[in-house]
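The values are calculated or read from the model by the stated rules, or taken from the named source; none is laboratory data. Keep in mind that what you see is a predicted model, and the values were worked out from it rather than measured. Positions of Cβ are backbone-derived with ideal geometry, glycine not excepted, and every protein chain shown enters the neighbour counts. Each accessible area value is taken on the protein alone, full model and side chains, heavy atoms only, with ligands, DNA and RNA left out. Shrake-Rupley method; radii C 1.70, N 1.55, O 1.52, S 1.80 Å.
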Amino acid sequence: MAAALIALGLDPKRCTLFVQSDRPEHTELCWLFDTVTPVGWLQRTPTYKEKRQNQPEDVNTGLLNYPSCSRGHRPVQGRACSDRQGPGPHLELSREIVRAFNARYGRRSPSRRPSTPRRPRLGTDGVKKMSKSVGNTIDVLGEPDAIRKQVMSMVTDTQRIMRSDPGRPQVCNVCQLHRHFGDDYETIWEGERTARTGCVDTKKLLAERIIAHYAPARETYRELTADPARLRTILDEGAERIRPLAQATMAEVREKMGLR
């Protein structure tokens, strides 16, 4: 995960990248936030509801409490956010928790908003949001042949049966992805509407564009995963860099809550 984040653009010299479990203050603050968080707030999150339904044998307290440790300014990765699904509700809930804490203890803890890049909402199946557990994602850092296979398996316009049938790019998942890989997506869409191009043509073009776009990141990812010691150093330095801020935050929190 760290290698992927760095390969895709996070610069450890400009941001602090660390493993949460390497900073015990993170766990302590999460527990203290739990003391001001009603259980009902946590149970209403879409992710918790989804996991409870899909994996009823593994619904643990950590899954329920996750939003209480999601505070801060952070990129939302992997899938689109909306009012009803994705990480958006998690981060909004974390803001509510911080506001509840501030109201009770008078601490001016910042309540931040997520940084959400625009991205497609649905996965390759055209039905569910992108999820590795569902298996409807595109591994942009994977081998080119694997990317081609994933893109070629994508669901397009289900009403377009024959190659000569006009397409509906506004509902085609492949056409929607073309918006992010080139400035000529309107031309591609027109080709679909007029049946000048077929779904297979559009998929092949998309696959090659994704492969080309992520080629530099793919190379960086390979270099990083081949050198785990370098990755560990980056993460250790990040955890150490954030130590003073984490300790100062916890000192203030303990004082406000009357803890020794």
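Counting only heavy atoms of the protein chains, get the accessible area per residue of region 118-260 (1.4 Å probe) and round it to a whole Å² value.
For region 118-260, the solvent-accessible area averages 60 Å² per residue.
So how strong a dipole does the chain carry about its Cα centre when Lys and Arg Cβ are +1 and Asp and Glu Cβ are -1, to the nearest 20 debye?
The dipole of the chain has a size of about 800 debye.
Here is the link list: 132/204; 13/149; 13/256; 128/204. Which ones come out longer than 25 Å on Cα distance?
13/149; 13/256
Relative to the longest principal Cα axis of the chain, at what angle does helix 243-257 sit, 0 to 90 degrees, rounded to 10?
Rounded to the nearest ten degrees, it is 60.
Enumerate the calculated ³J(HN,Hα) couplings along region 132-137 in order (Karplus 6.51 cos²θ - 1.76 cosθ + 1.60, θ = phi - 60°), each rounded to whole Hz, writing x wherever the residue is Gly or Pro.
Computed from phi, the couplings for region 132-137 are 5, 5, 7, x, 10, 10 Hz.
So which trypsin sites (Lys or Arg not before Pro) in region 121-195 pass both tests, a DSSP loop state and at most 16 other Cβ atoms within 10 Å of the Cβ?
121, 128, 132, 163, 179
Once phi is turned into ³J(HN,Hα) by the Karplus curve 6.51 cos²θ - 1.76 cosθ + 1.60 with θ = phi - 60°, what whole-Hz value does each residue of region 177-186 show in order, with x for glycine and proline?
5, 4, 4, 9, 9, x, 8, 9, 5, 5
Per residue, what accessible area does region 1-59 have, given a 1.4 Å probe and all protein chains present, in Å²?
Using a 1.4 Å probe on heavy atoms only, each residue of region 1-59 averages 62 Å².
Tell me, how many Å apart are the Cα centres for region 148-184 and for region 123-141?
15
Taking the chain as the reference, fit the longest principal axis to its C-alpha atoms, fit the long axis of helix 88-105 to the helix C-alpha atoms, and give the angle between the two in degrees, 0 to 90, nearest 10.
Once rounded, one gets 20 degrees.
Can you show me the helix-derived [θ] at 222 nm for the chain, built from DSSP H runs with n ≥ 4 at -39,500 (n - 2.57) apiece and divided by the number of residues, rounded to the nearest 500.
For the chain, the value works out to -15000 deg cm²/dmol.
By how many degrees, between 0 and 90 and to the nearest 10, does the Cα long axis of helix 215-225 differ from the longest principal axis of the chain?
The answer is roughly 40 degrees.
Amide H to amide H, which residues 5 or more places from residue 122 or on other chains are under 5 Å from it, using H placed in the peptide plane?
HN-HN under 5 Å from residue 122: empty list.
Please give the length that would be gained between residue 11 and residue 247 if that part of the chain were fully extended, namely 0.36 nm times their separation in residues minus their C-alpha to C-alpha distance (nm, one decimal).
82.6 nm
For residue 240 and residue 28, what does the FRET efficiency come to when R0 = 22 Å and r is the distance between their Cβ atoms, rounded to the nearest 0.05?
After rounding to 0.05, the efficiency reads 0.80.
Probe radius 1.4 Å, ligands and nucleic acids ignored: give me the carbon and sulfur share of the accessible area of the chain as a rounded percent.
Solvent-exposed carbon and sulfur of the chain make up 51 percent of the total.
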